[in-house]
Amino acid sequence: MLQNRLDCEVLVVGSGPGGANTAYLLAQAGKDVILAEEGENLTVEQTPAYSLEEMKSKYRHGGMTVALGKPSVAYLEGCCVGGGSEINAGLYHYPSPEVLEEWVKDFAIRDFGFGKLEPFFKSCEQDISVSSMPGQVGSASLKLQEGARKLNWKTAQIPRCWKYECLSDGTWHSSRQSMTETIIPKALRHGCRLLTRAKVKRLCLKNHRADHALVSSVTKAGEQSLTTINFRQVFVCGGAVQTPALLRRSGIKKNIGNSLRMHPAIRMVAKFSEAVNEEQEGVPVVQVEEFKPRLTLGGSYSALPHLALWLGPQRIQKLLPVWKNLAMFYALIVGQGAGTVRNIPWTDEPWVRMPLTRTDASSFREGLELLGRLLFAAGATEIFPPMQGLEILKTPDDLKIFLGNLSLNKMDISTIHLFSSCPMGEKTELCAVDSYGKLHGFKNIYLNDASILPSAPRVNPQALIMAIARRNTAKFLENI
Ligand SMILES: Cc1cc2nc3c(=O)[nH]c(=O)nc-3n(C[C@H](O)[C@H](O)[C@H](O)COP(=O)(O)OP(=O)(O)OC[C@H]3O[C@@H](n4cnc5c(N)ncnc54)[C@H](O)[C@@H]3O)c2cc1C
């Protein structure tokens, strides 16, 4: 095996929204930065959005990742340059000021709140083109609006990190504004060095400092190498699962990986008497606002392979002639359980557990009831419940019977929003890092990603992760 050595001022581990923004600001300020990313460097165009190819090359373990519990929760993470931003819907949400105030109080975070973060939200928005869909929203979004209007519920179109260009024939071309499209090229222009297919195995510690990292790389030809990276400071930005896994592998355990939070979601497929499934809409941009922040109702990507996976081979065979009349919708809750991240001995793989609580079970029940009512109000003729093998719901009475027999243990639950495994704040009995992301008890280790959100933000998290990453990096640069 080849053995290499590299030196830098600051090592940033992980190139998702947290790591990319950290590396960019550091490089812009003249720091000598290495950005190490375990996954491949692929452009947005290299894999069709939401395709099997995208899952294989940009998702961790091709999307086969699970948090064990009763029931287990399937979770998804990006594993490529740009992290989750390369595969996500880019829905861009501000957190509510009340949630941020709650964090200030519960975790004792200094110098924090909506007003303090606002300049960082704005600077991110300039770099990633946050915009609303021009023209009319897609058919599945219209169904959400129609159902909500009939029930007198509020909806909103959520802006996205997306660019829309009007073509000469009057149609629109839209493109995801992920980290590889926006922030990472800026970091590279300022001299940041990007190492890809480079997994940081562990940080080597001495006297409350980390002074080097061991990084394993595999070339496309399968050649393996081990690189020692020496640095003065390190920012760990591997995401809510991988950040605590790396720290624990390195022997750092205090308040690390004990408080993982999620927004778990449950899905139902609805059939309408007309077409509602348009490929170009992607993920529907409309959400029901009425029950936020407790509960969010919205639409999921509903391409034929996704529907097939969800409905199972027999059902989808029968529905093939009318599959364009089908679309998938979700109820997303704020999980109350605190999960753990540990390492499986002798491997680099984390072992994730997520207990769902009784409150979660009743939130799911409420979410399914509201979603069912909404879909019937929007004209659904059939609803396929979130467990294979169950009767199709054809009327609101069927929905009531289904809810009466509901068992959480048998439901298919998944999540794409994970955070809070290493919370931020001055309460050292609860928090892993201080108010600016510096690891308590260490002189030069910083965390700057989803793991440091103190608890579930109750909205799509990427906007907040980027703004906090910029705030913390700015503070670091001020102090250094
Ligand atoms: C399918 C999907 C859809 C989503 N939709 C939305 C949405 O519409 N709006 C929204 O706000 N959020 C959405 N999210 C969530 C959002 O993408 C994540 O919250 C966000 O990407 C987290 O950013 P991060 O920087 O903390 O970590 P990540 O994006 O997970 O990035 C971490 C990176 O670090 C790398 N890494 C990890 N460990 C190591 C190591 N040891 N060495 C080297 N590299 C390492 C990983 O490979 C990864 O690329 C979605 C997520 C998914 C999966």
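The values are calculated or read from the model by the stated rules, or taken from the named source; none is laboratory data. Model, not experiment: these values are computed from the prediction. With ideal geometry, Cβ positions are generated from the backbone for all residues, glycine too; neighbour counts draw on all protein chains shown. Side chains included, ligands, DNA and RNA excluded: accessible areas come from the protein's heavy atoms. Shrake-Rupley method; radii C 1.70, N 1.55, O 1.52, S 1.80 Å.
Report the extension gain between Ser216 and Leu68 in nm, rounded to one decimal, defined as 0.36 nm multiplied by the number of residues separating them, less their alpha carbon distance.
Details: separation 148, 0.36 × 148 = 53.28 nm, distance 2.79 nm.
That works out to 50.5 nm of additional length.
What's the whole-number percent of alpha carbon pairs in the stretch 333-410 lying beyond 21 angstrom?
Details: 1311 of 3003 pairs.
Beyond 21 Å sits 44 percent of the P(r) for the stretch 333-410.
Debye calculation, C-alpha points only, no solvent: report log10 I(q)/I(0) for the chain at q = 0.06, 0.07, 0.08 Å⁻¹, in the same order as the q values.
Taking Cα atoms of the chain as identical point scatterers yields -0.26, -0.36, -0.47.
What angle, in degrees between 0 and 90 and rounded to the nearest 10, separates the Cα long axis of helix 114-128 from the longest principal axis of the Cα atoms of the chain?
Tilt of helix 114-128: around 80 degrees.
Beyond 19 Å, what share of the Cα-Cα pairs of the stretch 86-168 remains, rounded to the nearest whole percent? Kindly include the intermediate steps, with their values, before the conclusion.
Working: 1973 of 3403 pairs.
The calculated P(r) of the stretch 86-168 puts 58 percent of pairs beyond 19 Å.
Quick one: Karplus J couplings for the stretch 414-419, per residue in order, coefficients 6.51, -1.76, 1.60, θ = phi - 60°, nearest Hz, x for Gly and Pro?
Along the stretch 414-419, the couplings run 9, 8, 10, 10, 10, 6 Hz.
Let me know the Rg and Dmax you get for the stretch 406-448 when you use only its Cα atoms, in Å.
16.1, 51
Write out the chymotrypsin sites (Phe, Trp or Tyr not before Pro) in the stretch 311-363 meeting two conditions: DSSP loop, and at most 15 other Cβ atoms within 10 Å of their Cβ. Display every interim value, and only then the final one.
Values: sites: Trp323, Phe329, Tyr330, Trp346, Trp351; in loops: Trp346.
Hits after loop and neighbour filter: Trp346.
Which pairs break 26 Å Cα to Cα here: Lys220/Lys438; Lys150/Lys400; Lys324/Lys394; Lys292/Lys427? All intermediate terms of the calculation are to be shown ahead of the outcome.
Values: Lys220/Lys438 35 Å; Lys150/Lys400 19 Å; Lys324/Lys394 18 Å; Lys292/Lys427 28 Å.
Distance filter (> 26 Å) returns Lys220/Lys438; Lys292/Lys427.
Go through Ile480, Ala456, Tyr436 and say which Cα lies farthest out towards the positive end of the charge dipole of the stretch 391-480; charges sit on Cβ, +1 for Lys and Arg, -1 for Asp and Glu.
Checked the options; the winner is Ile480.
Go through Val12, Gln28, Tyr50 and say which Cα lies farthest out towards the positive end of the charge dipole of the stretch 8-80; charges sit on Cβ, +1 for Lys and Arg, -1 for Asp and Glu.
Value computed over the given set: Tyr50.
Rounding to the nearest 10 and keeping the result within 0 to 90°, find how far the Cα-based axis of helix 462-479 lies from the longest principal axis of the chain.
20 degrees
In Å and whole numbers, how far do the C-alpha atoms of the stretch 333-480 stretch along each principal axis, longest first?
Principal extents (Cα only, largest first): 64, 38, 25 Å.
Using DSSP loop states and a limit of at most 12 other Cβ atoms within 10 Å to flag GluC sites (Glu not before Pro), what is the longest stretch of the chain containing no flagged site?
Numbers: sites that count: Glu223, Glu274, Glu391, Glu429.
Longest run free of exposed loop sites: 1-222.
Need the C-alpha centroid separation for the stretch 379-449 versus the stretch 105-173, integer Å.
21 Å
Looking at this model, which pairs from Lys31/Lys122; Lys116/Lys186; Lys31/Lys253; Lys206/Lys443 are more than 20 angstrom apart at the alpha-carbon? List each step's numbers first, then the result.
On the way: Lys31/Lys122 23 Å; Lys116/Lys186 24 Å; Lys31/Lys253 29 Å; Lys206/Lys443 10 Å.
Distance filter (> 20 Å) returns Lys31/Lys122; Lys116/Lys186; Lys31/Lys253.
Please report the orientation-averaged projected area of the stretch 269-348, defined via the convex hull of its C-alpha atoms, in nm². Intermediate results must be reported in sequence, preceding the final value.
Details: hull surface 35.0 nm².
Averaging across all directions leaves 8.7 nm² for the Cα convex hull.
Among Ser363, Ala213, Trp346, pick out the residue whose Cα is farthest towards the positive end of the charge dipole of the chain, where Lys and Arg carry +1 and Asp and Glu carry -1 on C-beta, about the Cα centre.
Of the candidates, Trp346 comes out farthest on the positive side.
Charges at C-beta only: +1 for Lys and Arg, -1 for Asp and Glu. How large is the resulting dipole of the chain about its Cα centre, in Debye rounded to 20? Present the calculation step by step, with values, prior to reporting the outcome.
Values: 55 positive and 46 negative charges, 245 e Å.
Magnitude of the dipole: close to 1180 debye.
I want the antiparallel fraction of DSSP beta bridges within the chain, as a percent rounded to 5. Could you put the intermediate results ahead of the total?
Working: 59 of 85 bridges.
Counting only bridges with both partners in the chain, antiparallel ones make up about 70 percent.
Given a 1.4 Å probe and every protein chain left where it sits, what share in percent of the accessible area of the stretch 355-469 is carbon and sulfur? Provide the component values of the computation, followed by the final result.
Details: 2120 of 4110 Å².
Carbon and sulfur atoms account for 52 percent of the accessible area of the stretch 355-469.
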